[in-house]
Amino acid sequence: MKEILVKYLPANAVEPVSELIKMNSVHLKIVNERVTRHGDYRRMPDGSQQITINANLNKYRFLITTIHEIAHLIAFEKYGRLIKPHGSEWKHCFRSLMLPFIRPEIFPGNLLPVIANHFRNPKASSDTDANLSVALKSYDPENDKNYIFEIPAGSVFKIHNGKKFKKGPKKIKRYECLELDTGRIYLFQPNAEVHLLKV
């Protein structure tokens, strides 16, 4: 397991993550990119525990996602299956598991304060925390995507499924965008990644 994890995690996180996986009898599967999620946890029909993580994540996002999914397993084991998937029990488990990793031997100095702030009250996805999402993206390989907040109002863009939108005004935290084919309005998080078509 460690030989595989070395490719995906910060060096000083390999041993403790490997121990967590072993201790909780988790089968870790590294899979091709899924647009809608970075990872997931499931209890298999035979009772075994499986976590899948996208292979394309940078090592810091891979670490956070792995701990996020192990926290689901531990929260369900400890508090029962009727808890909310991202409720207070999961947040408590996620925070506790993540705390030993929030140190300069694992995360770069510029990420540490953003991560520490996120874990005061972790969200269901690191993507819904715009500050953390933007900070983590700086460690991704270069790509041709932009964040919604970076593009000018009135810009036309497309998303992963090919649908085209025109960027509208910001309403509280999210942007109202007009889908060009249907005329319907959709709300986008500021850190949603899109392909800019024209300004």
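Whether any residue in segment 149-160 is acidic (Asp, Glu) and either surrounded by 15 or more Cβ atoms within 10 Å (Cβ to Cβ) or not in a loop (DSSP other than H, G, I, E, B) (or both) is what I want to check. So far as segment 149-160 goes, yes, one or more of its residues are acidic (Asp, Glu) and either surrounded by 15 or more Cβ atoms within 10 Å (Cβ to Cβ) or not in a loop (DSSP other than H, G, I, E, B) (or both).
In segment 1-49, the qualifying residues are those that are of a type in the set (S, T, N, Q) and surrounded by 13 or more Cβ atoms within 10 Å (Cβ to Cβ), and the one that is farthest from Ile106 (Cα to Cα) is Gln49. Meeting the requirement of 3 or more residues that are touching a Phe, Trp or Tyr at 6+ places or on another chain (Cβ under 8 Å), the helices (runs of 4 or more DSSP H) wholly within segment 1-89 are 59-79.
When segment 8-61 is filtered for residues that are small (Gly, Ala, Ser) and free of Cβ contacts under 8 Å to residues at least 24 places away in the same chain, the ones remaining, listed by number, are Ala11, Ser18, Gly47, Ser48. Within segment 92-144, the residues that satisfy the criterion of being among the acidic types (Asp, Glu) and either modelled with pLDDT under 95 or touching a Cys at 6+ places or on another chain (Cβ under 8 Å) (or both) are Asp127, Asp129, Asp140, Glu142, Asp144.
The values are calculated or read from the model by the stated rules, or taken from the named source; none is laboratory data. All values reported here derive from a predicted model rather than from experimental measurement. Cβ sites come from the backbone with ideal geometry, for glycine too, and all protein chains shown count toward neighbours.
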